[in-house]
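Asker: Questions regarding the structure given below will be posed in turn.
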Amino acid sequence: MKILVISDTHGWEQELESFLQPLRDQVDLILHAGDSELQADSSQLKDVVTVAGNCDVFSSFPSERLLEASGLVIQLTHGHYEGVKSSLTELAQKAQENKATIAVYGHTHIPKVQRFGEVITINPGSLRLPKGKYAGSYCVVDITDEAIQINYFTMDGTAIEALEATFNRNDVS
């Protein structure tokens, strides 16, 4: 299963549609980790599983979602309630309580993948307002029977090889 993960698009409408259009047929699921600043019925978020971020004050998105993908539980949240700008400990603990193998979050605008025990935390970065050394970024999570592979890309599709990560599925699920 291939999952496209984005976050922090902060009001982009046409830009988001243009970005997603060629990728929709290449993945099985699209996750948005909040701060879209769009309404739940916006055409740009059609078929995109989305949560509310701290800037989504007037949205009807939930603050957290639990999903099943290829036999794994994925926790999707923006991360501001879990304090992800200072530590990922609370996020990982909450994922463990929810029996999630993967915890997807945003908020920091910095792409990052890390493992905490049996939980893989994934931040795709921000498409619109990136922080750190990478231009607007997103990631694709590829789940097979053997592994969980996370590949990061800039908006133009250039691979960010320094962020690639592969986890043996038996080690985390």
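Asker: Return the only residue of Asp56, Asp35 being free of Cβ contacts under 8 Å to residues at least 40 places away in the same chain and among the charged types (D, E, K, R).
Answerer: Only one candidate passes the filter, namely Asp56.
Asker: Would you point out which residue out of Glu64, Glu37, Glu13, Glu17 is open to solvent by 10 Å² or more (accessible area, probe 1.4 Å), within 15 Å of the chain's Cα centre (by Cα) and among the acidic types (Asp, Glu)?
Answerer: Details: Glu37 fails: within 15 Å of the chain's Cα centre (by Cα); Glu13 fails: within 15 Å of the chain's Cα centre (by Cα); Glu17 fails: within 15 Å of the chain's Cα centre (by Cα).
Only one candidate qualifies: Glu64.
Asker: Identify, please: which residue in the stretch 75-119 is of a type in the set (Asp, Glu) and either touching a helix residue (DSSP H, G or I) at 6+ places or on another chain (Cβ under 8 Å) or in a loop (DSSP other than H, G, I, E, B) (or both) and is, among those, surrounded by the fewest Cβ atoms within 10 Å (Cβ to Cβ)?
Answerer: Among those residues, the one meeting the criterion is Glu118.
The values are calculated or read from the model by the stated rules, or taken from the named source; none is laboratory data. All values derive from a computational prediction rather than experimental measurement. So basically every Cβ, Gly included, is an ideal-geometry build from the backbone, and we count neighbours across all protein chains shown. Protein only, heavy atoms only, side chains kept; ligands, DNA and RNA dropped before computing areas. Shrake-Rupley method; radii C 1.70, N 1.55, O 1.52, S 1.80 Å.
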